[in-house]
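Below: the structure, in structure tokens.
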Amino acid sequence: MNILLIGSGGREHALAWKIAASPLLTKLWCAPGNAGIAQEAECVALNVADHAAVIDFCKTNKVDFVVVGPEAPLAAGIVDELTAASIKVFGPSKAASQLESSKGFTKDICKANNIPTAAYERFRDGAAAKAYIRKHGAPIVVKADGLAAGKGVVVAMTLDEAEVAIDALFGASGAEAVVEEFMEGEEASFFVLCDGDNALPLAAAQDHKRAFDGDKGPNTGGMGAYSPAPVFTDEVRERTMNEIIYPTLRAMAAKGMPYKGVLFAGLMITKDGPKLIEYNARFGDPETQVLMLRLMSDIVPALLASVDGELKHFDLRWYPQPALTVVMAAKGYPGDYKKGTRIEGLDKAAQVEGVEIFHAGTKAEGGHIVANGGRVLNVTATGNSVSEAQRRAYEAIDRIDWPGGFCRRDIGWQAMAREKEGK
Ligand code: AMP
Ligand code: GLY
């Protein structure tokens, strides 16, 4: 089978690595890819926003299956257009991917179906939003409606902060805000494969969103992750499936927008049980890097079953050992950073037992690997415990010579604290 993977991040390198191991694979391309993905796939400089060009590439190269990594092409309707051109493609339709692209859409589905989430209100007007905020008090959460790459959310601990966030948001015309209740608990990312009717739970992970040690500093796309997530017990999983995932799938099918693809639920595990923070219509980054190391089964038949509506009797096998990934980012990320700094020592780092290095923003230049983005490398390891996986990941990182980069040194701290307590 010929497969085209779309994307260029660490998530796509992990997917490419796993797809490349499939006995079903004949040839793998990735558009546009990166220097690490080039070890697993032929990278092609396709403009993935040009759907006609993607269709043309698939027809010319006899591509049997397309796997879409990031959210932007999904929200732009790439799945609808490829499907209309009779090309099999993994991912939700444009309408179904509103579960990620419109927070208001998702909140309305939750309200209509009693799906546990933060209480909220939608606003098109700043004064009305501020009145609501004053009525409910802080802490309170202000979100822009639409895709904002994780930057559209302000968790305001004071009324002042919330009002500043509203002013910033309604500075732009046509803005829409969701103001919602602050939920207290521990977060987890949970991934479920869906085929429109049926759901196959994958695994849960925990992500470190803040830039610096101790979960301090600005929010980022994610600085590290590990799986499994100890807070996501069997009981929490059961409740999440019954109270959140299945009601969502039934609601989407009833709206004539059956959800196919991977559904990524960002959850707050509160003292009252799991509550939905948000949905994403794609695999997580960097969560996918740890999920792929833990997945024992071939991923390709599962992705095909999602498209073909055949997940009902599907099963996947997982390694019980935890996996952990540490993101190495360019100094300055998530603010301004430099591109083009040279990275050495990757071969030596990859020799540490249990370690896989997935590339995000890298490119090959003059026989060297150079940084080409904010998040640049995902040093990923398995071990018999989170502590062992962490030790291996940092041992590999210490072999990497990249003065232009930085990473957090405490990825996995919550799980390791639990391990120390013997829980
Ligand atoms: P989102 O983009 O909706 O995932 O929000 C980004 C981050 O803001 C989440 O990962 C949470 O840490 C935090 N957050 C969002 N909504 C809430 C909420 N209602 N209560 C507490 N924290 C929240
Ligand atoms: N790591 C969070 C995300 O992929 O959105």
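The set of residues in region 188-219 being surrounded by fewer than 21 Cβ atoms within 10 Å (Cβ to Cβ) and either under 12 Å from the mean Cα position of the chain (by Cα) or not assigned by TED's automatic domain parsing to the domain that holds Ala253 (or both) consists of Lys209 alone. Within 18 Å of Pro286 (Cα to Cα), modelled with pLDDT of 95 or more and among the basic types (Lys, Arg): does that describe Arg399? Spelling it out, it is not the case that Arg399 is within 18 Å of Pro286 (Cα to Cα), modelled with pLDDT of 95 or more and among the basic types (Lys, Arg). Under the condition of being modelled with pLDDT under 90, buried (at least 16 other Cβ atoms within 10 Å of the Cβ) and not in a helix (DSSP H, G or I), the residues counted in region 155-181 number 4.
Filtered by the rule that a residue be under 20 Å from Ala205 (Cα atoms) and more than 16 Å from ligand 2 (Cβ to nearest atom), region 299-326 gives Ile299, Ala302, Leu303, Asp315, Leu316, Arg317, Trp318, Tyr319, Pro320, Gln321, Pro322.
Scanning region 105-140 for residues that are among the polar types (S, T, N, Q) and part of a loop (DSSP other than H, G, I, E, B), which turns out surrounded by the fewest Cβ atoms within 10 Å (Cβ to Cβ)?
Asn114
If you go through region 293-304 one residue at a time, do you hit one that is more than 17 Å from the chain's Cα centre (by Cα) and over 25 Å from Thr380 (Cα atoms)? So far as region 293-304 goes, yes, one or more of its residues are more than 17 Å from the chain's Cα centre (by Cα) and over 25 Å from Thr380 (Cα atoms).
Counting residues that are polar (S, T, N, Q), which strands (runs of 3 or more DSSP E) fully inside region 319-423 reach at least 1?
323-330, 362-365, 375-382
Here Gly33, Gly104 are screened, and the one residue that is under 30 Å from Asn242 (Cα atoms) and outside the structural domain of Tyr279 (by TED's automatic domain parsing) is Gly104.
Please go through region 52-86 and pick out each residue that is β-branched (Val, Ile, Thr), buried (at least 19 other Cβ atoms within 10 Å of the Cβ) and outside any strand (DSSP E or B).
Val54, Ile55, Val63, Ile78, Val79 - these are the residues of region 52-86 that are β-branched (Val, Ile, Thr), buried (at least 19 other Cβ atoms within 10 Å of the Cβ) and outside any strand (DSSP E or B).
If the condition is being surrounded by fewer than 20 Cβ atoms within 10 Å (Cβ to Cβ) and either more than 15 Å from Tyr279 (Cα to Cα) or within 16 Å of ligand 2 (Cβ to nearest atom) (or both), then region 88-100 contributes only Lys88.
The values are calculated or read from the model by the stated rules, or taken from the named source; none is laboratory data. For clarity, every value in this text was computed on a predicted model and none was experimentally measured. Ideal geometry is used to build each Cβ from the backbone, glycine not excepted, and the neighbour counts take in all protein chains shown.
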